[in-house]
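> Mind looking over this structure? Questions follow.
We did not get these values from a lab; they are worked out from the coordinates using the rules stated. Computed from a predicted model, the values in this text were never measured in an experiment. Ideal geometry is used to build each Cβ from the backbone, glycine not excepted, and the neighbour counts take in all protein chains shown.
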Amino acid sequence: MKSSGEITVSPVQNDASLWEFLRLPWYIYQGDPHWVPPILSQQRQFLDPRRGPFFEFGEARYFLAFQDGRPVGRLSAHINRLHDTCHGPETGFFGFFESISDRDVAAALFEAAAAWLRERGKTRMVGPLNFGIYDEMGLLVEGFDSMPVIFQTHNPPYYQDLLASLGFVKAMDWHAYKITNRQADLETMQRRYDQIMRGQDIEIVTYSPKEVNRRADEVFQLFNTAWLPNWGHVPLTRRQFDDMLAMVKPCLRPEMAYVLLDNNRVAGFGIALPDLNPLIRQLNGRLTLWGKLRLLYWAKYRPVNKIRAMVVGISQPYQRRYFHLALLLRAYIYLVKHTPCEMADLSLVPANLKHWIKVIVALGGQRYKVFRVFEKPI
């Protein structure tokens, strides 16, 4: 679509413009039945340089595009000094992209972001990352017909056309798989699980609050090493990890979170969360006391209808011993036997992890969403 009015781009400089930045998605997604509004208070804290954990090692600038005085697009540009250390200093990032279906609006936003990144010595722009590889990330390019599960992104189909028209190309894809088969052969799955675990000096321990607290240091170290070979991996800081743990811990349930122990040392872990997005959508960005109580009930006590298996991490010396499959089998058998769960989402899976994808497909997984990170020289 071609612009019908004058376009200007301004950096976010005060609370009023930050509020416009935060509220813009409500204009973009009006009428979209699958969009889940973010919790505004949480997102505001996340974006605040004084409070967000990203700003211990990163720097960001936020931009708003206006057409005839009305906000019609937004974008962040950011640099990540930990990424510079791990992967070289040439890459800058963009995130929090929203725009009306107008190439000129998108072009103005990305030129402002690119100029800011070039001033800081960057020659390549990558995104969307909000802000990092383990935050919400990727542009949805396949699977627009369903609501995202918790911590997944969502966007209109025309976003990928806007980026392509501006010269962005695919850097990496991540897949989401769904398993909906409740008629699986549980006896065969149990035999396979027993076969993997037989003769091993390893046990799988299910979630308890004390165990999570006691194992936090070990899980933190494993999280930062298990994915070292993966595309774009940047180790988390302890503050990032603690913030992530604080966010997911209230959602953890027994038999949906596991630790793999070898001689009482953590060798792996797996976490699945109830999908809270149907309720979060109802909250419409506001988190009142009643909303918090409802979220707690959904997270801890409501019968599970849908889950997201969002993290499976196995220490590298154990990665060829099928323990990742054992964790999935253990969780799947429990869900079918003891819950009314109708769908398990396994995401996000890097497209180049072929062996992991084979395991998921063998369990009945079907790819139903694809999230893409783009890149472009600047």
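> With axes computed from alpha carbons, what is the tilt in degrees of helix 323-338 against the longest principal axis of the chain, rounded to the nearest 10 within 0 to 90?
80
> Only Lys, Arg, Asp and Glu count, each charged at its Cβ (+1, +1, -1, -1), so figure out the dipole size of the chain about its Cα centre, rounded to 20 debye.
For the chain, the charge dipole is close to 820 debye.
> In the neighborhood of Gly121, defined by Cβ-to-Cβ distances under 10 Å, what is the net charge if each Lys or Arg adds +1 and each Asp or Glu adds -1?
That works out to 0.
> How large is the dipole of segment 7-174 about the Cα centre if only Lys and Arg carry +1 and Asp and Glu carry -1, each at its Cβ, rounded to the nearest 20 debye?
Using Cβ point charges on Lys, Arg, Asp and Glu, segment 7-174 gives about 420 debye.
> Okay, moving on. Identify the residues of segment 226-252 with backbone N under 14 Å of a label point that sits 7 angstrom from the Cα of Gln316 along the Cα-to-Cβ direction, or state none.
Residues 226-231, 233-235 qualify, since their backbone N sits under 14 Å from the label point.
> If you don't mind, another one. Would you work out which of Ile202, Ala257, Thr91 lies farthest towards the positive end of the dipole of the chain? Charges go on Cβ: Lys and Arg +1, Asp and Glu -1.
Of the candidates, Ile202 comes out farthest on the positive side.
> What residue among Pro25, Leu140, Ala176 has its Cα farthest toward the positive end of the dipole of the chain, where the charges are +1 on Lys, Arg and -1 on Asp, Glu, each on the Cβ?
Ala176
> OK, next. Just need the relative contact order of the chain here, percent rounded to a whole number, with Cα pairs under 8 Å and 6+ apart. The partial results should precede the final answer.
Details: 661 pairs, mean separation 85.0, N = 378.
Reported as a whole number, the value is 22 percent.
> Which residue, chosen from Gly167, Leu40, Ala216, occupies the Cα position most advanced towards the positive end of the dipole of the chain, where the dipole is computed from +1 (Lys, Arg) and -1 (Asp, Glu) charges on Cβ about the Cα centre?
Ala216
> Now, a different point. Using DSSP to call loops (not H, G, I, E or B), can you name the trypsin sites (Lys or Arg not before Pro) in segment 291-327 whose Cβ has at most 11 other Cβ atoms within 10 angstrom?
Hits after loop and neighbour filter: Arg320.
> On full extension of the chain, what length is gained from Glu59 through Gln221, given 0.36 nm per residue of separation minus the C-alpha to C-alpha distance?
The span from Glu59 to Gln221 would gain 55.8 nm if fully extended.
> Here's something else I'd like to know. Can you compute 3J(HN,Hα) from phi for each residue in segment 80-85, using the Karplus curve 6.51 cos²θ - 1.76 cosθ + 1.60 with θ = phi - 60°, rounded to whole Hz and x for Gly and Pro?
10, 5, 5, 5, 4, 5
> Sticking with this structure for a sec: What FRET efficiency, computed as 1/(1 + (r/R0)^6) with R0 = 51 Å and r the Cβ-Cβ distance, is obtained for His338 and Asp68, rounded to the nearest 0.05?
That gives a FRET efficiency of 0.35.
> List residues of segment 45-59, by number, whose backbone nitrogen lies under 13 Å from a label position 7 Å along Cα→C-beta of Asp242.
Only 53 pass the distance filter.
> Using helices alone, I'd like the mean residue ellipticity at 222 nm for the chain: each DSSP H run of four-plus residues gives -39500 (n - 2.57), total over residue count, nearest 500.
-11500 deg cm²/dmol
> Sorted by average packing, counted as other Cβ atoms within 10 angstrom per residue and highest first, what order do 247-257, 211-221 take?
Output ranking for 247-257, 211-221: 247-257, 211-221.
> Then there is this: Computed over the Cα atoms of segment 7-174, what is the convex hull's projected area averaged over all directions, in nm²?
If you wrap the Cα atoms of segment 7-174 in a convex hull and average its projections, you get 9.5 nm².
> Reachable aspartates and glutamates from Lys306, Cα under 18 Å, same-chain residues fewer than 8 places away excluded?
In chain and number order, the partners are Asp145, Glu255, Asp275, Glu342, Asp345.
> Based on alpha-carbon centroids, what's the gap between segment 189-214 and segment 285-317 in Å, whole number please?
22
> Same structure, new question: For the modelled label position 7 Å from the Cα of Arg286 along Cα-to-Cβ, which residues of segment 44-60 have backbone nitrogen atoms closer than 18 Å?
44
> Can you list residues from other chains, or at least 5 along the same chain, whose modelled amide H is less than 5 Å from the amide H of Ala267?
Under 5 Å from the amide H of Ala267: Leu260, Leu261, Asp262.
> Could I ask something else about it? How big is the dipole moment of segment 1-64 about its Cα centre under a simple scheme where the beta carbon of each Lys and Arg is +1, that of each Asp and Glu is -1, and everything else is neutral? Debye, nearest 20, please.
The calculation lands at about 40 debye.
> Another question about this same structure. Could you tell me which trypsin sites (Lys or Arg not before Pro) in segment 10-79 are loop residues by DSSP with no more than 12 other beta carbons within 10 angstrom of their beta carbon?
Here the trypsin sites (Lys or Arg not before Pro) that fit, given the DSSP loop and packing criteria, are Arg50, Arg51.
> Want the number for Gln190 to Glu142: 0.36 nm per residue separation, take away the alpha-carbon distance, what's left?
Contour length minus the Cα-Cα distance gives 13.9 nm.
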